[in-house]
Amino acid sequence: MAASAEYAPPKELVNVVVQSSEKLEGAASLLETLEDKANDQQITAAELAAVCCIVETCASDLDVVLERA
């Protein structure tokens, strides 16, 4: 990617970044909920897997679009 004042990122990149940001905010919220739950209950593997899946999907989506940029 070029580093100049005239550079505008491709629309696809912007869309993926925005979508990933929203998904990661959701993952952060879920982690807060799990942190509260961990104070008096056990967290399940499925709950942790849900967070991992969100993060891995965002990372993959960003990798794909950045390779094309």
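The values are calculated or read from the model by the stated rules, or taken from the named source; none is laboratory data. Note that the structure is a prediction, hence the values are computed from the model and not measured. We place every Cβ from the backbone using ideal geometry, glycine too, and count neighbours over all the protein chains shown. These area figures cover heavy atoms from the full protein model, side chains too; ligands, DNA and RNA do not enter into them. Shrake-Rupley method; radii C 1.70, N 1.55, O 1.52, S 1.80 Å.
When you check V55 against the structure, is it hydrophobic (A, V, I, L, M, F, W, C), out of contact with any helix residue (DSSP H, G or I) (no Cβ under 9 Å at 6 or more places or on another chain) and modelled with pLDDT of 95 or more, yes or no?
no
Return yes when L66 is open to solvent by less than 100 Å² (accessible area, probe 1.4 Å), in contact (Cβ under 8 Å) with a residue 24 or more places away in the chain and over 12 Å from the mean Cα position of the chain (by Cα) and no when it is not. Steps first, please.
Values: open to solvent by less than 100 Å² (accessible area, probe 1.4 Å): yes; in contact (Cβ under 8 Å) with a residue 24 or more places away in the chain: yes; over 12 Å from the mean Cα position of the chain (by Cα): yes.
Yes.
For residues that are of a type in the set (K, R) and open to solvent by less than 90 Å² (accessible area, probe 1.4 Å), tally how many sit in region 1-46.
Of the residues in that region, 2 qualify.
Could you give every pair whose Cβ atoms fall below 8 Å, whose first residue belongs to region 30-52 and is part of a loop (DSSP other than H, G, I, E, B), and whose second residue is modelled with pLDDT of 95 or more, counting only separations of at least 6 or pairs across chains?
Hits for this filter: I43/L34; I43/K37.
Return the residues of region 7-29 that are hydroxyl-bearing (S, T, Y) and within 10 Å of the chain's Cα centre (by Cα); say none if nothing qualifies.
Within region 7-29, S20, S21 meet the criteria.
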